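To start, the structure itself, in structure tokens.
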Amino acid sequence: MRLKLIILLLLVGNFSFAQLNISHYMRVGRTRIQIGNYVGAIENFNIVIKFKPQLPEPYFYRGTAKHQLEDFRGAITDYNQAVRIKPYYPDAFMHRGLAHLNLKNYEQAIADYNRALELDPDNEAVFNNRGIAKLSQKDVEGAIEDYNKALEINPKFINALINRSNANILKGDTKEGIRDLNRAIIIRPHFASAYLLRGLARFELEDYAAALRDFDQTLKLDPKNAYAFNNRGIVKQKLEDYEGAIMDYDLALDLNPTLPNAYFNRGIAKEILKIPGYESDYETAAKLDPRLDIRQRTIEEDYLAQQQQQKQGSTSASQTQAQNKQQAQNTQNKKPAQSPKRPSTKPKQDKQEETQEDRDRRRFRLSLADTRNLPTDEDEEIDDGRIQNRNIIIELQKIFVISSYSKSSTDLERLQYYNLALEELNSFNNYTPTMTISNQNEMYYMEEFKNNILYFNEKLDNNQATENYLSRGIFRLLTEDYNNALVDFNEAIKRDEKNTLAHFSRANCRVKMVKLLESLQDFSEDLTIPVGTPDANTPTKEEVITDYQDILNDYQVCIFINPKFPFAYYNKAYILCKLKKYQEAIRNFDQAIELQADFAEAYFNRGLTRIYLDDIEGGAKDLSKAGELGIQDAYNIIKRYCN
């Protein structure tokens, strides 16, 4: 009985310890979201989900982290799982609605908000967000009604005031919109966006002095607001302060070089002041936004003017015919009215100054930057954990090769894929050195790799086993001694034709050689590449790589020998992508993922391939999974190509 009691206490203790760990990972994950470490938060919630998949909260919070990384589809997948486990989860419905809203799935967003309000009818944020969805569907009255309800619940809700202001302005009631912005500023006097929006509204009312004050205040509170500089420049231009306007456009473009309105407006100001460079500004504006192509716009205006002249001529002829038939005949015999010619863009003489002014006014159609987006409660920081905003080079994840790490290496925290074939090689070598499979740059361990070559030289003097040739070849490959590596792999295959890792490594070595060939400026199909220093123990042999067929053959042999070796499918798919055989590549990525469910690199490469084939939804889901498994670059691609 006493023994049973001890066992029971041990079980309870272990259970409590497990519960404590789960709570710890949940708490750390939520903290990481609060401090902006969204990738770290996802890692924490992955651990919780692995051990407690029946809990709804880790799915919800992981979805929230993905949402912040603008992986809206991945977030929706997690929110779906959260509400599947816990159907009465208003926060999950609200957040899923916001994700749908970001993807412009307005009907789904409204449906989620309706469900959230059934469960939580006093949530002002849900009313506010549903108003945004309705406004996106051009249901202005419905949006205003939702903003009103949000403000009934919380009269100091800044977002609802800002959004109701936007709705009223779209409705045509600009003065009422300004009143809401005034209320927002009283509640939050240091909210730069409110001043910016009020400046836009006052500009529409042609209250330029007040608009100028608002833009000045915006820049006082937010000195790096490119839109404020652009819009202040517009006001100055309206007030004929062209030099001041150009200075503001310059500052706007320094902060955001992709603002088409700033280029267009600066071009107008330069042309008025006869400053060189306005043509370049017009061209840049047209490239960024074809609607600002002034040449196309002038052609359209001339065409419309001609059509109007012809229509007026036709109407006049019809009326004259009813009064006097002869006069109608004379009218019909007249030449058609000619359309007005587009004024020359060259500087004109003083006597034509008024015509020049008329032309400038006709072309003085300044576009206001639309910044009326849903405001955030906190100003955005540059380094805030939103890694999707970083600049990256978009390319496929590299092939996997057999590598090694030191037992004392600090790199052990990195994810290591387990494979039975590799485990057998490690067992033969008694884990000295320890082999792993990786696609990371291992240049830091180059000296250690060279020492391992010497180690296996000695082993081969005593035992010419397949595994020893294979191991030495692996380290020769890692030290970029490609030809001697190929000699070792060939010898290993000669001794054991069914050695999966030998065929795999030989294919990888050939990939490296082809890559080196392609990096050379001039090469022919017959070029021979001796790479590395010849080893005294091995006769030097040079191999010619002419195409990818030998590489694909070796990977296929790997698959034939060991159909459950996922890295052969992955590497083969990588080569097929290089050969532009995308559908076949996707089938191999499919097989790799089926065998290795957490194969982040395979998800990433399959996602990129699908996007290239215009399968945006499939590509986004794959990239979301890759990001969830730790490849951060996936979120940048999702933002740039999927949202």
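Some points to look at:
- Residue that is surrounded by fewer than 21 Cβ atoms within 10 Å (Cβ to Cβ), under 38 Å from the mean Cα position of the chain (by Cα) and of a type in the set (D, E, K, R), where the choices are GLU491, GLU448, GLU480: GLU480
- Index of the failed condition, LEU197 passing every other in (1) part of a helix (DSSP H, G or I); (2) surrounded by fewer than 20 Cβ atoms within 10 Å (Cβ to Cβ): (2)
- Matching residues, the stretch 84-143, being within 20 Å of ARG164 (Cβ to Cβ), of a type in the set (A, V, I, L, M, F, W, C) and not in a helix (DSSP H, G or I): none
- The single condition among (1) in contact with a helix residue (DSSP H, G or I) (Cβ under 8 Å, 6 or more places away or on another chain); (2) surrounded by fewer than 17 Cβ atoms within 10 Å (Cβ to Cβ); (3) outside any helix (DSSP H, G or I) that GLU70 does not satisfy is (2).
- Looking only at residues of the stretch 418-438 that are surrounded by 17 or more Cβ atoms within 10 Å (Cβ to Cβ) and in a loop (DSSP other than H, G, I, E, B), we find that the one that is modelled with the lowest pLDDT is ASN419.
- Number of the condition not met by VAL28 [criteria: (1) among the β-branched types (Val, Ile, Thr); (2) in contact (Cβ under 8 Å) with a residue 24 or more places away in the chain; (3) surrounded by fewer than 19 Cβ atoms within 10 Å (Cβ to Cβ)]: (2)
- So TYR555, is it open to solvent by 10 Å² or more (accessible area, probe 1.4 Å), within 30 Å of ASN483 (Cβ to Cβ) and over 24 Å from the mean Cα position of the chain (by Cα): no
- Cβ pairs under 7 Å, 6+ apart, first in the stretch 51-63 and farther than 14 Å from SER23 by Cα, second polar (S, T, N, Q) and open to solvent by 20 Å² or more (accessible area, probe 1.4 Å): TYR59/GLN81
- Given (1) basic (Lys, Arg); (2) surrounded by fewer than 18 Cβ atoms within 10 Å (Cβ to Cβ); (3) without any contact (Cβ under 8 Å) to a residue 60 or more places away in the chain, index of the condition LYS498 fails: (3)
- Identity of the residue in the stretch 244-262, touching a Leu at 6+ places or on another chain (Cβ under 7 Å) and either part of a loop (DSSP other than H, G, I, E, B) or open to solvent by 20 Å² or more (accessible area, probe 1.4 Å) (or both), that ends up nearest to ILE294 (Cα to Cα): PRO260
- Whichever residue in the stretch 593-625 is of a type in the set (S, T, N, Q) and in a helix (DSSP H, G or I) and, among such residues, is nearest to the chain's Cα centre (by Cα): SER624
Condition check ((1) of a type in the set (Asp, Glu); (2) under 45 Å from the mean Cα position of the chain (by Cα); (3) farther than 19 Å from TYR431 by Cα) across all residues:
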| position | (1), (2), (3) |
| --- | --- |
| ASP461 | yes, no, yes |
| GLN464 | no, no, no |
| ILE474 | no, yes, no |
| ALA502 | no, yes, no |
| ASN508 | no, yes, yes |
| LEU516 | no, yes, yes |
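- Subset tally (residues that are farther than 23 Å from TYR59 by Cα, hydrophobic (A, V, I, L, M, F, W, C) and in contact with a Leu (Cβ under 8 Å, 6 or more places away or on another chain)) for the stretch 587-610: 1
- Members of the stretch 150-181 found to be of a type in the set (Asp, Glu) and either part of a helix (DSSP H, G or I) or closer than 15 Å to SER136 by Cα (or both), listed by number: GLU152, GLU176, ASP180
- The stretch 263-284: number of residues that are in a loop (DSSP other than H, G, I, E, B) and either at pLDDT 95 or above or on the phi < 0 side of the Ramachandran plot (or both): 3
- First in the stretch 65-77 and at positive phi, second anywhere and buried (at least 24 other Cβ atoms within 10 Å of the Cβ) and part of a helix (DSSP H, G or I), Cβ under 7 Å, 6 or more apart: GLU70/TYR635; GLU70/ILE638
- Residue tally, condition free of Cβ contacts under 8 Å to residues at least 60 places away in the same chain, surrounded by fewer than 24 Cβ atoms within 10 Å (Cβ to Cβ) and on the phi < 0 side of the Ramachandran plot, over the stretch 572-584: 7
- Verdict on LEU460 being modelled with pLDDT of 90 or more and buried (at least 20 other Cβ atoms within 10 Å of the Cβ): no
The values are calculated or read from the model by the stated rules, or taken from the named source; none is laboratory data. Quick caveat: nothing in here was measured; it's all calculated off a predicted structure. So basically every Cβ, Gly included, is an ideal-geometry build from the backbone, and we count neighbours across all protein chains shown. All accessible areas refer to the heavy atoms of the entire protein, side chains included, with ligands and DNA or RNA removed. Shrake-Rupley method; radii C 1.70, N 1.55, O 1.52, S 1.80 Å.
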